[in-house]
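Below is one structure, written out as structure tokens, with a few remarks after it.
We did not get these values from a lab; they are worked out from the coordinates using the rules stated. Keep in mind that what you see is a predicted model, and the values were worked out from it rather than measured. Every residue, glycine among them, receives a Cβ derived from its backbone with ideal geometry; neighbour counts consider all protein chains shown.
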Amino acid sequence: MTPQLPDNIDCNSCAALDAQDPLATFRDRFLNDGETIYLDGNSMGRLPRAALRRLQEMAEHEWGTILVRGWTESGWMESPLRVGDRIGALIGASPGEVLVADTTSVGLFRLMTSVLRARPQRRVIVTESSNFPTDLYIAGGVADLLGCEVRAVERGELREALDGDTALLMLTEVDFRTGERHDMGALTEAAHAAGALVLWDLSHSAGAVEIKLNHHGVDLAVGCGYKYLNGGPGSPAYLYVATALQEELRNPIQGWLGHDNPFLFAAEYRRAPGMRGWMSGSPPVLAIGALAVGVELQLEAGAHAVGEKAALLTEVFIRLAHARLDALGFEVATPASSERRGAQVSLRHPDGLAIVRAAGDRGVVGDFRPPELCRFGLAPLYTRFVDLWDAVERIADVVESGTSRLPKYQQEIAIP
Ligand SMILES: *Cc1c(COP(=O)(O)O)cnc(C)c1O
């Protein structure tokens, strides 16, 4: 149940929200210096304490002692499917529909290629022109490779862009710049009405908002492991292929571990059924072990509760920003309706880069996206409401103490 927010939110009302927060105890399950206000979990999530123990144990016990027998005895070979099923439970998929593999970029390549090869009479991928760059780059590369076309249009023109030539509608559910969230159900339906398949990138959704892939009849999805799932740097990504399409769509990188019986070492490829057929080479076992810990924390919290907290955190942050930051030249870029946004709030300011850097020096870690967007990811598992109050006060303080001395954003400045 969503608590009633007072008209004027202050430090005490934030403390009261923390006291009522059903997810409050999750904060201590992550490594935390007690000082930094980390609002960059949409870029890379915090380290779960249990992941530290798990990595140590896997290295010492499994790799160090069990050695090669670990592929069977420690369940390494099955880990992409096993952890995939746990991610599936989080994003509204059925068992056997999700595989942990590669990066999001590679997953996009594999899925887009498979769709265009399966539907040779349709030659167009429809996407949004402001989609995450890797999604656009990969689509462009796939189109070059297979002689197809990418139709990248503005958000409001997506439906009109779908036609009888469209093989695939490929979208990111939550926009990485503004945090705006698409209506997954309505757009999936529109793609299907045009006879196209749909591929959703869940990189900024999983672990931030509740996702219902099966419920909406979603065909395909990808997402990354190191953002709200807290899998750590270089954490592998995941692929979702709806059961109904698993016969028809084929993994374009048919490697030995996607073979029906890899240890026959047969000369001829025979595809394994289901998501196992989407395996290519050896899985990154240690990284999957760390990711599994982050995924279990999300499942323990529950996707619905996580989504509700994200809605409340973003609501409080937006209200605090209006109250304190509007007058200092900021503009909220994130939608006002909680159904239309993820777990991040973005603020436009002409001195955005300088502000994000100076706020970082004061212990408030957000990030910057050119030309003027300050992004703050409010990861529901470890962000407190009092953190939002403190962050907005410190951001205001940065501007009030003068940003004119700080470097302005230019194309040449390297942004980490
Ligand atoms: C973070 C992100 C990615 C990351 O891609 P990798 O290949 O895993 O580095 C892809 N797409 C979107 C929308 C993202 O937000």
Practice item. List the relative contact order of region 126-277 as a percent without decimals, with contacts defined as Cα pairs under 8 Å and 6+ residues apart. Key: 15 percent
Exercise for review: Please work out the Cα center distance from region 1-75 to region 268-342, rounded to the nearest Å.
Suggested key: 13 Å
Check your understanding: About its Cα centre, how strong a charge dipole does region 188-250 have in debye, to the nearest 20, once Lys and Arg get +1 and Asp and Glu get -1 at the Cβ?
Key -> 220 debye
**Study point:** Euclidean distance between Cα centres, region 364-393 to region 211-240, Å
**Key:** 23 Å
Check your understanding: In region 76-140, which chymotrypsin sites (Phe, Trp or Tyr not before Pro) fall in coil by DSSP and have 15 or fewer other Cβ atoms within 10 Å?
Key -> none
Study note, to complete from the structure: The relative contact order of region 114-174, taking Cα pairs under 8 Å that sit 6 or more residues apart, comes to a percentage of 50 percent
Revision key, fill the gap. GluC sites (Glu not before Pro) in region 60-132 lying in a DSSP loop, each with at most 16 other Cβ atoms within 10 Å of its Cβ, come to Glu78
Review point. Hey, with R₀ at 22 Å, roughly what FRET efficiency would Glu300 and Ser337 work out to, going by the Cβ-Cβ distance, to 0.05?
Key: 0.20
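Between Glu248 and Tyr137, take the C-beta separation as r, use R0 = 25 Å, and let me know the FRET efficiency to the nearest 0.05.
0.45
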Point to revise | On Cα atoms only, tilt of 285-301 relative to the major axis of the chain in degrees | key: 60 degrees
Check your understanding: For the chain, what does -39500 (n - 2.57) per DSSP helix run (n ≥ 4), summed and divided by total residues, give at 222 nm, in deg cm²/dmol to the nearest 500?
Key -> -10500 deg cm²/dmol
Study note, to complete from the structure: Toy charge model, Lys and Arg Cβ at +1, Asp and Glu Cβ at -1: region 1-91 dipole around Cα centroid in debye, rounded to 20, equals 380 debye
Review point. Comparing Ala193, Ala206, Ala305, which has the greatest mean-square fluctuation in the GNM of the chain with Cα pairs linked when under 10 Å apart?
Key: Ala193
Check your understanding: Relative to the present Cα-Cα distance, how much length would full extension add between Arg49 and His61 at 0.36 nm per residue of separation?
Key -> 2.5 nm
Practice item. Name the residue, out of Asp85, Asp367, Asp33, whose mean-square fluctuation peaks in a Gaussian network model built on the chain with Cα pairs under 10 Å. Key: Asp33
Check your understanding: Does anyone have the angle between helix 184-193 and the longest principal axis of the chain? Alpha-carbon axes, 0 to 90°, nearest 10?
Key -> 40 degrees
Practice item. For Ser282 and His215, compute 0.36 nm times the residue count separating them, minus their Cα-Cα distance, and round to one decimal in nm. Key: 20.9 nm
Check your understanding: Tell me, in nm to one decimal, what length is gained between Glu157 and Asp144 on full extension, where the rule is 0.36 nm per residue of separation less the Cα-Cα distance?
Key -> 2.3 nm
Point to revise | Paramagnetic reach from Ser129 in region 161-192 [backbone N under 14 Å; point 7 Å along Cα→Cβ] | key: 161
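Apply the a/c threshold of 1.5 to the C-alpha gyration tensor of region 277-362 and tell me whether it is rounded, prolate or oblate. Show your work: numbers first, answer last.
Values: a/c = 2.78, a/b = 1.83, b/c = 1.52.
In terms of gyration-tensor shape, prolate.
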Exercise for review: For region 138-177, give the magnitude of the charge dipole about the Cα centre (Cβ charges: +1 Lys/Arg, -1 Asp/Glu; no others), in debye to the nearest 20.
Suggested key: 120 debye
Point to revise | Under 13 Å, Cβ to Cβ, from Ser280 - net charge with Lys/Arg +1 and Asp/Glu -1 | key: +3
Practice item. Pick out, in residue order, every one of the chymotrypsin sites (Phe, Trp or Tyr not before Pro) in region 211-286 that is DSSP loop and has at most 10 other C-beta atoms within 10 Å; say none if there are none. Key: Phe265
Review point. Relative contact order for region 196-316: what is it in percent, counting Cα pairs under 8 Å that are at least 6 residues apart?
Key: 28 percent
